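What follows is a single structure, written as structure tokens, with notes after it.
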Amino acid sequence: MLPDFRVRQRDYLLEISRALTEELDLATVLTRILHGATELLAGQAGLVVLREEEGRWRIRAHYGIPEAFLDSFKPMLADIPEHGDARRFALPEINRRLRATTEAASLGLLHGVALPMVARNEIVGLIYIFRGYATAFTNNDRTLLASFANQAAIAVHNARLYQQTSAEKRRLDAILDSSADGILIMNAGHRIQRFNRALARLTGWNAAEALGRSHDEVIRWASRQAGPDLAEAEAGGWPLASNPTPLYVEGDLLRQGGGYLPAGITYAPLLEADGKLVNLIANVRDITKFREAEALKSTFISVISHELRTPVSLIKGYAETLAREDAKWDADVVRDSLAVIEEEADRLAGLIDNLLDASRLQAGAMRLDMSEVALDQLVARVVEKFKTQTHDHTLRVEFPPNFPIVSGDEARLIQVVQNLVSNALKYSPGGGEVLVRGTVEAERVVVSVTDHGPGIATPDLPHVFERFYRADSDLTRRVKGTGLGLYLAKAVVEAHGGKIWVTSEPGQGATFAFALPR
Ligand code: ADP
């Protein structure tokens, strides 16, 4: 038969280990430990003090001490060294301080014993047991308390691990959810286990609905670039090679609810130490921008080669003809030919300027050289120049008197008006009136250019200010151009804090207008 207190000790330790595995919260487990230890050591009260992250000590569990008196133990805690020798806590010094503390608080505790709680060679806290009568703690008492201290240390260690794991998990969740790329995590059998917010946005799937489904239900390719998709790669042995590289699949994904998403998916395997596949992590990137850039690059090359070739071959043709030694040209022919060469050289220079402007714009905002500008006079000068270039059109300027002076970059604004008037002439080959009007509003002035050409089809309207955009019409195909003029005009007007827009009734002509702040 075990002596009575041995039985109770065994029962307490059993209860505590049960509590430890029951995932009770730390304070509850510590209080149970204290309760057991106080009873078995025939004490009246107990405390568990834990070291917090910043190295300070804090009472985390108490037994037999009213809440209101806990503060009186604070001075005692302040004396615990941060990285002290465990034995120091057993010194009679504790008793001296304890008496001082409890007498002051009239708690009547006379003797105390304290033992460090050690987990993985680190002191995580202290356990104190107090007696209110004059029997000092024996070595036996201390041995007994040590087993409780060990249990408490394990509880604290587990709780900290749990805290760390859940903090880690929250961190991972935050990373997944703040990622701009779609992230999908699935098990080896392709069941989706994680589906982040960006992926929900990209694919149109509700994350909750996607979870638990198979990868192939959610990731459906409408079209795909050459190369294997996930299933084909796995059939070929991926990723179970000794050193698997990520798998990249690119194409158009079918979105839930209709439409496509140009996407590139990188699959990476998560393998266990023995090489067994645990998870596949798919990183889904929206490559719309990349595709647009590719398309723009090829447009750029075709526009440039087409637009540069024409003036270059004209210049070369005229120069070659003039240089022929077997022919004698009269002065008129020479003058006309040189005029063509000069005109085409100007066109080339203009084209190069536009390209440079466009590429500078891409690198950053447009810089303006500001001064006071009289728009009415500026428009009159530009229109005067164009009058000599057309016989089919009547050019009319209509500005109210005392048109307000605005502040702007004169050369750039000339470029805008030239572009609008030149377009009005180019895109109304049948002739007719081109009207340039100025109007004054409370906070801005508006300049508009109206022609009577065929106008712009409604689907093209939102795009005419885009870089390299040219409407897909017979007329546009016949007329030379790069699709840069309106793009640059818009940049100039917006750099002035203004606005540019177009209205057009197909068949009725077009009106381009811009407004600048007064
Ligand atoms: P470009 O004239 O060099 O093609 P722009 O950027 O000046 O380039 O114009 C873009 C497109 O907008 C043109 O290709 C043409 O299709 C359309 N557009 C511009 N102005 C007019 C207009 N006045 N009438 C009809 N279409 C126009």
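The values are calculated or read from the model by the stated rules, or taken from the named source; none is laboratory data. Predicted model, so just to flag it, every value in this text is computed and none were measured. Every residue, glycine as well, gets a Cβ built from its backbone with ideal geometry; the counts of neighbours run over all protein chains shown. Ligands, DNA and RNA are excluded from the accessible area calculation, which covers all protein heavy atoms including side chains. Shrake-Rupley method; radii C 1.70, N 1.55, O 1.52, S 1.80 Å.
The figures follow:
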{"item": "Yes/no for Thr203 being hydroxyl-bearing (Ser, Thr, Tyr), touching a residue at least 24 places away in the same chain (Cβ under 8 Å) and within 21 Å of Thr38 (Cα to Cα)", "result": "no"}
{"item": "Complete set of residues in the range 479-497 that are touching a residue at least 24 places away in the same chain (Cβ under 8 Å) and assigned to a helix (DSSP H, G or I)", "result": "Gly485, Leu486, Tyr487, Leu488, Ala489, Lys490, Ala491, Val492, Val493, Ala495"}
{"item": "Breaking point among (1) near the ligand (Cβ under 8 Å from one of its atoms); (2) without any contact (Cβ under 8 Å) to a residue 60 or more places away in the chain, for Thr458", "result": "(1)"}
{"item": "So Ala365, is it closer than 30 Å to Arg518 by Cβ and surrounded by 11 or more Cβ atoms within 10 Å (Cβ to Cβ)", "result": "no"}
{"item": "Candidate set: the range 404-429, residues that are over 18 Å from Lys490 (Cα atoms) and touching an Asp or Glu at 6+ places or on another chain (Cβ under 8 Å); chosen: the one least open to solvent (accessible area, probe 1.4 Å)", "result": "Ser428"}
{"item": "Qualifying positions in the range 172-203 - within 13 Å of the chain's Cα centre (by Cα) and of a type in the set (Ser, Thr, Tyr)", "result": "Ser178, Ser179"}
{"item": "Elements of type helices (runs of 4 or more DSSP H) in the range 197-300, at least 3 residues being farther than 20 Å from Ala180 by Cβ", "result": "215-218, 230-235"}
{"item": "Qualifying positions in the range 369-399 - in a loop (DSSP other than H, G, I, E, B), open to solvent by 50 Å² or more (accessible area, probe 1.4 Å) and not polar (S, T, N, Q)", "result": "Asp369, Met370, His391, Asp392"}
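Results for (1) surrounded by 15 or more Cβ atoms within 10 Å (Cβ to Cβ); (2) within 9 Å of the ligand (Cβ to nearest atom); (3) closer than 24 Å to Leu356 by Cβ, shown as yes or no for each residue.
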{"residue": "Ser473", "(1), (2), (3)": "yes, yes, no"}
{"residue": "Arg478", "(1), (2), (3)": "no, no, no"}
{"residue": "Gly483", "(1), (2), (3)": "yes, yes, yes"}
{"residue": "Tyr487", "(1), (2), (3)": "yes, yes, yes"}
{"residue": "Ala491", "(1), (2), (3)": "yes, no, yes"}
{"residue": "Gly497", "(1), (2), (3)": "no, no, yes"}
{"residue": "Ile500", "(1), (2), (3)": "yes, no, yes"}
{"residue": "Ser504", "(1), (2), (3)": "yes, yes, no"}
{"residue": "Phe512", "(1), (2), (3)": "yes, yes, yes"}
